[in-house]
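The values are calculated or read from the model by the stated rules, or taken from the named source; none is laboratory data. For clarity, every value in this text was computed on a predicted model and none was experimentally measured. Heads up, the Cβs are rebuilt from the backbone with ideal geometry, glycines too, and the neighbour counts pull from every protein chain shown.
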Amino acid sequence: MIMFLIRKILWAAATLAVASILVFAALEIVPGDPAEVMLGINATDEAIAALREDLGLNKPVLERYLSWVTGMLQGDFGKSYTYSVSVNELVADRITISLPLALISMLISTAIAIPVGLYAAARRGSWADTGIMALSQVGIAIPNFWFALLLVYFLAIWLQLVPAGGFPGWDVGILIALKSLLLPALALALPQAAILSRITRSALLETLGEDYIRTARAKGLSRRATIWNHGLRNAMIPVLTIMGLQFAYLLAGTIIIENVFYLPGLGRLVFQAISLRDLIVVESVVMMLVATIIVINLIVDLAYLWVDPRLRHRG
Amino acid sequence: MRTLKKLLAAAVITTAIAPLVLAGQAIAAKTSLVMGMALEPPHLDPTAGAPAAIDEVVYANVFEGLTRIGSKGEVLPALAESWDISEDGKTYTFKLRVGVKYHDGSDFNAEDVKFSLDRARAEGSTNAQKALFAGIESVTVKDANTVVVQLKSPAGNFLFNMGWGDAVIVAAETADGNKANPVGTGPFKFGSWVKGASVNLVKNADYWGTPVALDTATFRFISDPAASLSAMLAGDVDAFANFPSPESMPQLQADPRFKVVIGSTEGETILSTNNTKPPFNDVRVRRAIAHAIDRQAIVDGAMFGQGTPIGTHFAPHHPAYVNLVDRYPMDLDAAKKLLAEAGFPNGFEATLKLPPPTYARRGGEIVASQLRKIGIDLEIIPVEWGVWVPEVFKAKDYDLTIVSHTEPMDIGIYSRKDYYFNYSNDTFNDIIAKLNVTTGEAERYALMSEAQKVISEDAVNGFMFQLAKSGVWNAKINGLWENSPVQANDLTGVSWSD
Amino acid sequence: MFRFLLTALRNGSFVTGFLITSIVIAMAVTSFFWTPFDVTDLDIAAKLKPPNEVNWFGTDHFGRDIFSMIMVGARNSIAVALVAVVIGVGIGVPIGCWAAAKGGLLDESLMRGNDVIFAFPALLSAVMITAVFGPGAINAIIAIGIFNIPVFARLARGASLSLWPRDFIMAARAAGKNKTRITIEHIVPNIANVVIVQATIAFALGIILEAGLAYVGLGTQPPLPSWGKMLSEAQTMMSFAPHMAIIPGLAIVITVLGLNLLGDGLRDVLDPRLTRKHD
């Protein structure tokens, strides 16, 4: 068990190391020079050379890679070329948008998907079930950024209930700030809810088919009691797994939604940093996101292990 | 299942009601202004970076130079109260204003001027407009309030150059920290900066000049055109000096709450052409292109009608502008004939590299479709600025590109050696050389119009249109600039009526 | 084969999905030699027309016919997603089969390599890849294709692992066939079903991802239209030309829905056991 744990953690560390080389190498060959971008078209070559020296871009590749990695290991993610503040500070700013956004959309999607999925499973084969499954099929097919556009059109442009985009900052008041996160959260939540409700439904059906559930039913437990006492708890395992993965996706994969709503979140930070050739920001933020996903995967793996001891001897 | 139903109902109600509960609005006070901007500045030091967004926040508000540029493009005194120019036009003696303090409380004096100018032109300087200072021979402090600037040769536009954001005066002690915490002499002090969202300026109570009417000024960064529109409609933003989407203008114009001013900018939007690369080295090919582009269709299609067609590289609002649009009227037959004469009766293939702005991306699609009609098949290559600068501007690895040249009075770039147009014409160079040493207005204007005609005759680039400045602001705001002779949002004269 | 067709025709998902997918593919193919209007011909004077009898889906801000653009866009979407699936299957399946056949350290390292790719949020990496190689359809294909590789590798490995201990494989081994031959002759035909089902799903995901990349300006480049790019152009004009945003979005939804239904249907048709278990 301990050996298994250690191996998993070692693999996670190795994955991170390989990922860091990939990210660094990719950005080494990206065309474009941060110093030239910063100084614009009228800058003299001499000024650009001076800035390159300032930014440490003239040092050898290996030296820059090593100093980046050792910095990260000590919690120092470097200093943004364009903003001249530390990446830690930039990320701390942006996470105050990305994290609440991820949490709110997770909340919305769970609040819709779990009850709906359970209901469909409990009423398997009914019109309600068929309807819900058809709807969820459509939900999966809707790209979230298009759904976002529709929400903007109806709720922001027509009804003018919520702003169509932008983020005023938390200091203007929590309610106003939350209001501007509502549409993006909804847009992110719907396709996730469609997937999650299907998973919930099939997970519950799966467990209801297991032997011990049949035994429980045979012992005379009512159908509803069976679902609540036995089925639900076991069905929650795959559901929680998917939720973990969805959360990782929400933290990192919202670039397009952040673009639609012009939210200064993490995804947008990376997107802008790439176009400004602020390489250190791209490298460090991507590594943070990759690390988050690896950690979530590790937790999911361990959770499986805890739930299903049979797995301990495999893997 | 009852619990489930309750849960479901609760979820539906929460999602439905939440927007209603959250619909309350904050009302802006009359001494504060929220100004929308499309781009966020990377930092706030105008002496160490090219992005216009830096000047648009701090110029005239936080930082001041020896001179300043007024709303009509005129040179006004700023930190220099007055100046004397020697007979030979090479020595400028600036008399500085007395009693000026920096925002950190320290005094402004002649040493700061010397420091700022020397820093900008020093070796290893990261000033983005170092060329502005290239003509300076020496800067000497005569006394605490007098500075003498010696030029290598007379420069007709030296006073204008000293009014650029890149030439503002900073203090030696705070210069290095200006990127994150700008310390200037202007009527506003730096307040705070929420990265990715806004910069906040507050009134400087100890300002040397007329105090500003606003207590606070916030620059909010919204690059998305749709988001800008809704921020404006919702009253979250009071003004946009330059609204990012021309297509939204009719809707804003129709709304009595707003004042919409379509002004002019210094941005000549041109189809830049690589003049040494075949077949563009043949003037007939360049003239064929000039005949094939329908400027008004580009303005209508890309900018929704905002913008003025131009026939040369000069701002139409300038008194010395010569209207040369009709030199190459839209005429496909003439264009095809010229192409055939040049040896391309069936046209040819070339590339069109487009940087990110809307005018370039949309304009480029239209230009490509127009040139296809005379057989020129353009491959569109969208590039980011990070690629455009080294590839197109530096390495000149391009056939055609579209870019708006937003520097004021920049016709001189056509005489620059090694500029990315790869254009060289001795007649033109002579005109510019003469212009640079001429100070009389009438003679200068005559030279300028000559210069415009030469580049039009050579069809150096496809001259498309002058970028419009689509200002939108709350109708109760007074004193915002209608034109932008420099890249700035000068808020010194802004106030709210009632 | 006849029995397969019979089962298939009785499956509602399969029939609906197959019909939708066929129509979309037919539109895409037709666009190669005929569209109602030329999509590269701009007519600024005719811009922003709502749907009418001449332009069935209206015109865009350059006066182009949106119906024609949807047809040509279908071509791009399908091409990008399909080639990306081919890359995923072509590289992922051999890797998965190889890992399953050899086992041990090779298996472990191949699968951990997969984990590295999995650790990158797909869209983020696609953005990075297009930053390195420049935007464009080809690079969008590479970016999406790379993410299909580990998906198919895992699937193929899992499916073949469950086959190796089976009797008919044991018999083949006893007959002296080597692992490569067994893989080609016995494993691949038997995992084809799951791979085909996954391929339709990856196809659908590829269409959404391509639209997303094109939406942020990294996919198919002008003058050729693409559904995602049409959406991004429509965004600022939504208040006065909503048809520009609604129509390309519907095209994406219908296509993806069709492919998902086809995948679901195929799964049921190809594996009757599942059908009995779930419905």
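General remarks:
- For B:Val486, the conditions (1) out of contact with any Asp or Glu (no Cβ under 8 Å at 6 or more places or on another chain); (2) modelled with pLDDT under 90 all hold with the exception of (1).
- Checking each residue in region B:417-442 for being surrounded by fewer than 13 Cβ atoms within 10 Å (Cβ to Cβ) and either touching a Cys at 6+ places or on another chain (Cβ under 6 Å) or hydrophobic (A, V, I, L, M, F, W, C) (or both) picks out B:Val437, B:Ala442.
- Residues in region B:173-202 that are more than 14 Å from chain A (Cβ to nearest Cβ), among the charged types (D, E, K, R) and closer than 19 Å to A:Asp171 by Cβ: B:Lys189 alone.
- The residue list C:Pro248, C:Pro225 contains one member that is within 30 Å of A:Phe271 (Cβ to Cβ), under 19 Å from the mean Cα position of the chain (by Cα), surrounded by 22 or more Cβ atoms within 10 Å (Cβ to Cβ) and more than 11 Å from chain A (Cβ to nearest Cβ), which is C:Pro225.
- Taking the listed residues B:Ala368, B:Ala360, the one that is crowded, with 20+ Cβ neighbours inside 10 Å and away from every other protein chain (no Cβ under 11 Å) is B:Ala360, with no other qualifying.
- Flag for B:Ser456 being free of Cβ contacts under 8 Å to residues at least 60 places away in the same chain, part of a helix (DSSP H, G or I) and of a type outside the set (A, V, I, L, M, F, W, C): no
- Within region B:215-272, being among the basic types (Lys, Arg) and either out of contact with any Phe, Trp or Tyr (no Cβ under 9 Å at 6 or more places or on another chain) or on the phi > 0 side of the Ramachandran plot (or both) holds for B:Arg220, B:Arg257.
- Of the helices (runs of 4 or more DSSP H) lying entirely inside region B:339-445, those containing at least 2 residues that are modelled with pLDDT of 90 or more and in contact with a Ser or Thr (Cβ under 7 Å, 6 or more places away or on another chain) span B:358-372, B:426-437.
- Residues satisfying the criterion are present in region B:70-78 (criterion: surrounded by fewer than 19 Cβ atoms within 10 Å (Cβ to Cβ) and in contact with an Asp or Glu (Cβ under 8 Å, 6 or more places away or on another chain)).
- Residues satisfying the stated conditions in region B:248-270, i.e. crowded, with 22+ Cβ neighbours inside 10 Å and either in contact with a Ser or Thr (Cβ under 6 Å, 6 or more places away or on another chain) or assigned to a helix (DSSP H, G or I) (or both): B:Ser248, B:Thr265, B:Glu266, B:Gly267, B:Thr269
- In region B:123-140, of all residues being over 25 Å from the mean Cα position of the chain (by Cα) and farther than 18 Å from B:Lys90 by Cβ, the one that is nearest to the other protein chains (Cβ to nearest Cβ) corresponds to B:Gly124.
- For beta carbons closer than 6 Å, sequence separation of 6+ or different chains, a first residue in region C:44-66 that is surrounded by fewer than 17 Cβ atoms within 10 Å (Cβ to Cβ) and a second that is assigned to a loop (DSSP other than H, G, I, E, B), the qualifying pairs are C:Ala46/C:Gly63; C:Pro50/C:Gly58; C:Pro51/C:Phe57; C:Pro51/C:Gly58.
- Some residue of region C:179-188 being of a type outside the set (Asp, Glu), more than 19 Å from the chain's Cα centre (by Cα) and within 13 Å of chain A (Cβ to nearest Cβ): no
- Residues of region C:88-141 that turn out to be under 29 Å from C:Lys229 (Cβ atoms) and within 23 Å of the chain's Cα centre (by Cα), as a count: 28
- A:Pro100 satisfies every condition listed in (1) away from chain B (no Cβ under 11 Å); (2) free of Cβ contacts under 8 Å to residues at least 60 places away in the same chain except (2).
- All positions within region A:125-177 that are of a type outside the set (A, V, I, L, M, F, W, C), surrounded by 16 or more Cβ atoms within 10 Å (Cβ to Cβ) and either in a helix (DSSP H, G or I) or modelled with pLDDT under 90 (or both): A:Asp129, A:Ser136, A:Gln137, A:Gly139, A:Asn144, A:Tyr153, A:Pro163, A:Gly165, A:Gly166, A:Pro168, A:Gly169
Each row is one residue, and each column tells you yes or no for (1) closer than 30 Å to C:Met237 by Cβ; (2) surrounded by fewer than 19 Cβ atoms within 10 Å (Cβ to Cβ).
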{"residue": "B:Gln296", "(1), (2)": "yes, yes"}
{"residue": "B:Met303", "(1), (2)": "yes, no"}
{"residue": "B:Gly307", "(1), (2)": "yes, no"}
{"residue": "B:Ile310", "(1), (2)": "yes, no"}
{"residue": "B:Asp331", "(1), (2)": "no, yes"}
{"residue": "B:Lys337", "(1), (2)": "no, yes"}
{"residue": "B:Ala340", "(1), (2)": "no, yes"}
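- Residue in region B:104-125 that is farther than 30 Å from B:Ile411 by Cα and among the aromatic types (Phe, Trp, Tyr) present: yes
- Residues located in region A:1-11, provided they are hydrophobic (A, V, I, L, M, F, W, C) and either facing another protein chain (nearest Cβ under 7 Å) or surrounded by fewer than 16 Cβ atoms within 10 Å (Cβ to Cβ) (or both): A:Met1, A:Ile2, A:Met3, A:Leu5, A:Ile6, A:Ile9, A:Leu10, A:Trp11
- Whichever residue in region B:225-239 is at pLDDT 85 or above and buried (at least 24 other Cβ atoms within 10 Å of the Cβ) and, among such residues, is nearest to the other protein chains (Cβ to nearest Cβ): B:Val237
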